[in-house]
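Take a look at the structure set out below.
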Amino acid sequence: MNCPRCGKENPDDAQLCQFCSCVLTQSTVTREDVSIKTSGIGIASMVLGILSVFTCGITALPAIILGIISLVQIEKSGGRLTGRAFGIVGIAIPMVVFFLIIGFFLSNPRELGRRSVCEANLRDLAIAWVMYADDNDGKLVNGQPNDPRTTGGPPPERVYTEVPWALEIALDGEGTPDPTVSKYAHEKTIKNGAIWPYVKNVKVYRCPGGKAKHLRTYSIVCSLNGDKSPVAGRSDAIKLCVNNRSFVLRPHERIVFVDEGLVNNSGFRVGYTNPGAWIDPPPVRHSGGMTFVFADCHSGYWKWKGKGTVKAGKKRTSGYTPGAETVEYMQDLKDMRIAVWGEIP
C-alpha cells in the first residue's frame, strides 16, 4: 500500500509508514475503483419489447430472452451492473402484447366487426325513430310492417294511414321464409317506409351477418306501436302498447329495435303475462347473443345465459316456453320481457 503522506510504498500489513511514520488505516488504502455500469442487454431487451407493440409481437421473443439474460447477469454481478428495471420492462411488454394477440384471435375479429357494424346500424335507426316522433308531436312510427293502419272516423271525417316504418315484403312461407320479389322491389319496401327520409341508406336496415337476400333484418318490438296481439283483449292494452314517445318510461331500459337476422313482417313479439313465452324465436345473433338498441339510442349486446334459448333461436322455434326448472332460460325470457314491456306482472 502507498502512504498517503509521502506516497511511498509499504507492505500490505504495515500499520505505520516506514519512511515518515504516518499511521496507515484501512480508509487510506488505495483500492481499485470498481466501475458500475448499466446492463446493455437490459436496455436492448426494453427496446425490443417496445418495438414488439408496433411489430405485432415479432420482436417479443428476443426481448424476453434478453430480459432474462440481463436479470441473471445483474444478479451475479455483485452490484457492478444495474438496469434491472430495463430487463423487467423488456419481459413485461411482450407478455402483454402476446396475451392481447391471443385474445384478439380467440374472440373472432370478423364477428366483432360485424357486430360493431350491426350496432351502428341500430343506433342510426333509433335516431331516425326519435326524429320521426319529434316531427309528429311524439307519435311513434307504426312498428308493424304488415299492418298499414288507418285512423279516423267514418266519412266525412278524414282518414289517416299509419305508414309502417318499413313496408311488408312478400315471403315464400316455407321453413325460414325468403323474399319472393326482386332486390329492387325489396328495396322499395324500405324506401317507401315512414323513416326512410331520416336514414336514406338501404344498408343500414340490414345486419352484415344477416340471412342472404334479406335486405331488412331489424324489427321494432311489439310494445312500441307494434303488433298488439300479445296483449289483445286486456283493458290496459293501450297503456302497454304505447303510441307516443312521452309514454316510454325509462328509455335507457326499453328496447326499440332488435336484430333478428331476417325479415319479420309482424315486428318482434314476446309474451307479457306470466310465466311468459317467446312468441317469436329468441333473436340469436353474433355468437349466441342479441344486438339491440334502446329508446335513448344507445345500442348493446346480450349474451344469452341458457343453452336452450340459443338452441330455440337457431332452430327458429316459435312459441318457445322454457320449463320453470331451467333458471337460466327463464332469466333470459324475463330480461327480454322487461326490456320490451318496461315492467311485467
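The values are calculated or read from the model by the stated rules, or taken from the named source; none is laboratory data. Note that this is a predicted model, so its numbers are computed, not measured. Counting neighbours? That spans all protein chains shown, and the Cβs are built from the backbone with ideal geometry, glycine included.
Quick grid of which residues meet (1) in contact with a strand residue (DSSP E or B) (Cβ under 9 Å, 6 or more places away or on another chain); (2) assigned by TED's automatic domain parsing to the domain that holds residue 278; (3) under 27 Å from residue 130 (Cβ atoms); (4) not polar (S, T, N, Q):
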residue: 296; (1), (2), (3), (4): no, yes, yes, yes
residue: 306; (1), (2), (3), (4): no, yes, no, yes
residue: 312; (1), (2), (3), (4): yes, yes, no, yes
residue: 316; (1), (2), (3), (4): no, yes, no, yes
residue: 327; (1), (2), (3), (4): no, yes, no, yes
residue: 333; (1), (2), (3), (4): yes, yes, no, yes
residue: 337; (1), (2), (3), (4): no, yes, yes, yes
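Can you name every residue in the range 76-125 that is more than 30 Å from residue 206 (Cα to Cα) and among the basic types (Lys, Arg)? 76, 80, 84 - these are the residues of the range 76-125 that are more than 30 Å from residue 206 (Cα to Cα) and among the basic types (Lys, Arg).
The selection criterion, being of a type outside the set (Val, Ile, Thr) and under 30 Å from residue 202 (Cα atoms), does not hold for residue 51.
Annotation: of all residues in the range 284-309 being in a loop (DSSP other than H, G, I, E, B) and under 17 Å from the mean Cα position of the chain (by Cα), the one that is surrounded by the fewest Cβ atoms within 10 Å (Cβ to Cβ) is 298. Put simply, of 58, 69, 127 the only residue that is hydrophobic (A, V, I, L, M, F, W, C), more than 22 Å from the chain's Cα centre (by Cα) and modelled with pLDDT of 90 or more is 69. Only a single criterion out of (1) part of a helix (DSSP H, G or I); (2) surrounded by fewer than 21 Cβ atoms within 10 Å (Cβ to Cβ); (3) hydroxyl-bearing (Ser, Thr, Tyr); (4) under 21 Å from the mean Cα position of the chain (by Cα) is not satisfied by residue 246, namely (4). Is at least one residue of the range 63-84 over 30 Å from residue 289 (Cα atoms), in a helix (DSSP H, G or I), basic (Lys, Arg) and touching a Gly at 6+ places or on another chain (Cβ under 9 Å)? Within the range 63-84, one or more residues are over 30 Å from residue 289 (Cα atoms), in a helix (DSSP H, G or I), basic (Lys, Arg) and touching a Gly at 6+ places or on another chain (Cβ under 9 Å).
Confirm whether residue 127 is under 18 Å from residue 256 (Cβ atoms) and either buried (at least 16 other Cβ atoms within 10 Å of the Cβ) or among the β-branched types (Val, Ile, Thr) (or both). Judged against the criteria, residue 127 is a match. Scan the range 225-238 and give yes if some residue there is in the same structural domain as residue 121 (by TED's automatic domain parsing) and touching a Pro at 6+ places or on another chain (Cβ under 6 Å), otherwise no. Within the range 225-238 (the criterion being in the same structural domain as residue 121 (by TED's automatic domain parsing) and touching a Pro at 6+ places or on another chain (Cβ under 6 Å)), the answer is no, since none of the residues qualifies. Taking the range 78-124 as the range and being at pLDDT 85 or above and under 30 Å from residue 196 (Cβ atoms) as the test, the residues that pass are 114, 115, 116, 117, 118, 119, 120, 121, 122, 123, 124. Of the numbered criteria (1) of a type in the set (Val, Ile, Thr); (2) closer than 27 Å to residue 189 by Cβ; (3) surrounded by fewer than 18 Cβ atoms within 10 Å (Cβ to Cβ), the one residue 326 fails is (2). Confirm whether residue 272 is in the same structural domain as residue 128 (by TED's automatic domain parsing), part of a strand (DSSP E or B) and among the hydroxyl-bearing types (Ser, Thr, Tyr). No, not satisfied. Among the residues of the range 48-62, those identified as touching a residue at least 40 places away in the same chain (Cβ under 8 Å) and assigned to a helix (DSSP H, G or I) are 48, 49, 50, 52, 53.
With (1) surrounded by 13 or more Cβ atoms within 10 Å (Cβ to Cβ); (2) more than 30 Å from residue 2 (Cβ to Cβ) as the list, and residue 77 as the residue in question, which single condition is left unmet? Result: residue 77 passes all but (2).
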